[in-house]
Amino acid sequence: DPSGTFVQLRLGLAQTACRKRAPQRHCRVLESRRRPTCLACYKFDTSDVPKVLDKYHNCGPSHHLAAKEIRQRDEAECRAVEEAGKGGDTLYLPGMFAFSRGLPA
């Protein structure tokens, strides 16, 4: 895409039996625990040092009653991120433009 690179990640998290204070290499996954699913979408520009044009991320429970609505919202948000930088809908960042008061003629 000439407007930049779009990346979408979908991650499934699992709770383990390891402690935060003493991380171990191999941890047993706790079977009957929550397993939230995370979605992250990023759009990078095409410069030599890529900058993030837009991003969206959400981690929600997979067993939630409104999972379908959450999934639809996530898809809509990621489509908006993917469209960032295309056409006249460019991203505005504070300080991108400077205005000065003109002298009287």
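Restricting the search to the stretch 38-89, which residues are modelled with pLDDT of 80 or more, more than 15 Å from the chain's Cα centre (by Cα) and of a type in the set (Ser, Thr, Tyr)?
Passing the criteria: Thr46, Ser47.
Could you list all residues from the stretch 11-48 that are in a loop (DSSP other than H, G, I, E, B) and either within 19 Å of Val81 (Cα to Cα) or in contact with a Leu (Cβ under 7 Å, 6 or more places away or on another chain) (or both)?
Going through the stretch 11-48, the residues in a loop (DSSP other than H, G, I, E, B) turn out to be 13-15, 17-28, 30-36, 45-48.
Within the stretch 11-48, Gln15, Ala17, Arg35, Pro36, Asp45, Thr46, Ser47 meet the criteria.
Looking at (1) surrounded by 10 or more Cβ atoms within 10 Å (Cβ to Cβ); (2) closer than 23 Å to Gly4 by Cα; (3) modelled with pLDDT under 85, which is the only condition Pro94 fails?
(1)
Could you check the stretch 15-51 and list, in sequence order, the residues that are under 20 Å from Asp74 (Cβ atoms), surrounded by fewer than 14 Cβ atoms within 10 Å (Cβ to Cβ) and aliphatic (A, V, I, L, M)?
If the condition is that a residue be under 20 Å from Asp74 (Cβ atoms), surrounded by fewer than 14 Cβ atoms within 10 Å (Cβ to Cβ) and aliphatic (A, V, I, L, M), then no residue fits.
What are the pairs with Cβ atoms under 6 angstrom where one residue, in the stretch 41-53, is among the acidic types (Asp, Glu) and the other, located anywhere, is open to solvent by 70 Å² or more (accessible area, probe 1.4 Å)? Sequence gap at least six, or different chains.
Partner pairs satisfying both residue conditions: Asp45/Lys51.
The values are calculated or read from the model by the stated rules, or taken from the named source; none is laboratory data. Model, not experiment: these values are computed from the prediction. Positions of Cβ are backbone-derived with ideal geometry, glycine not excepted, and every protein chain shown enters the neighbour counts. Each accessible area value is taken on the protein alone, full model and side chains, heavy atoms only, with ligands, DNA and RNA left out. Shrake-Rupley method; radii C 1.70, N 1.55, O 1.52, S 1.80 Å.
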